[in-house]
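The values are calculated or read from the model by the stated rules, or taken from the named source; none is laboratory data. Keep in mind that what you see is a predicted model, and the values were worked out from it rather than measured. Here the Cβ positions follow ideal geometry from the backbone for every residue, glycine too, while neighbour counts run over all protein chains shown.
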Amino acid sequence: MRGIRRRKACAIFSFGVVSLMCLFLITSDNLFAQPRADLVIVVKSEFRLYLVKSGKVIKAYPIVLGSHPKGPKRRRGDGKTPEGRYILDYKNAHSKFYKSIHISYPDKKDRQRARRAGVDPGGAIMIHGQKNGLGWLSFISRYFNWTDGCIAVTNEEMDEIWSAVKVCTPIEIRP
């Protein structure tokens, strides 16, 4: 009889320990996870991307831009990154660059401006990591502007941004 009680007590104790461990693992994800950003700000002149939550910067990253970073994007192929307020409208885990988050450029104003100028406004503007297979070159590629107008970071930084940003997060791209 005594052995049965001891086994029951051990089973209850073990169940309690396992339950506490599971509870810790479930809640620890929230305790240690990077907070979700409610706004992304890119300051082109600083070559910085900021993740913002409730008006406070929670993380900043160095970025590289298009080959002609000054001024707003006006047409396809100009090597410029757009300026203005857009939405991060979808994520692509299987792009030709290490993960990408699409920026909703061109918006209605951009298309109207391009139509008046008789040019194609371009598109496919993303925040992304390095070209697939070339992530090891980020120690070099972060020192010159090489994108077609996108915003590039290292693959490790892209993992952090990917986790911190939900689809439909606004992005403000400043000169």
Open item on the list: Among the residues in the range 130-143, are any under 19 Å from Val40 (Cβ atoms) and either basic (Lys, Arg) or in contact with a strand residue (DSSP E or B) (Cβ under 6 Å, 6 or more places away or on another chain) (or both)?
Closed with: yes
TODO: Hey, can you tell me all the residues within the range 144-170 that are within 14 Å of Leu65 (Cβ to Cβ) and not small (Gly, Ala, Ser)?
DONE: Phe144, Asn145, Trp146, Thr147, Asp148, Cys150, Ile151, Val153
Open item on the list: Can you tell me which condition Lys53 does not meet? The list is (1) in contact with a helix residue (DSSP H, G or I) (Cβ under 6 Å, 6 or more places away or on another chain); (2) modelled with pLDDT of 95 or more, and all the others hold.
Closed with: (1)
- [ ] Taking Gly79 as the residue in question, decide whether it is in the same structural domain as Thr154 (by TED's automatic domain parsing), at pLDDT below 95 and either touching a Phe, Trp or Tyr at 6+ places or on another chain (Cβ under 9 Å) or within 25 Å of Lys131 (Cβ to Cβ) (or both).
- [x] yes
Open item on the list: Here's a check for you: in the range 75-90, which residue that is of a type in the set (D, E, K, R) and part of a loop (DSSP other than H, G, I, E, B) is surrounded by the most Cβ atoms within 10 Å (Cβ to Cβ)?
Closed with: Lys80
Task: Residue list for the range 139-165, restricted to those being surrounded by 12 or more Cβ atoms within 10 Å (Cβ to Cβ) and not in a helix (DSSP H, G or I) - done: Arg142, Asn145, Trp146, Thr147, Asp148, Gly149, Cys150, Ile151, Ala152, Val153, Thr154, Val165
TODO: Please specify each residue of the range 55-74 satisfying the condition of being small (Gly, Ala, Ser) and either in a strand (DSSP E or B) or in contact with an Asp or Glu (Cβ under 7 Å, 6 or more places away or on another chain) (or both).
DONE: Ala60, Gly66
- [ ] Could you tell me whether the range 36-45 includes any residue that is under 18 Å from the mean Cα position of the chain (by Cα) and within 30 Å of Gly118 (Cβ to Cβ)?
- [x] yes
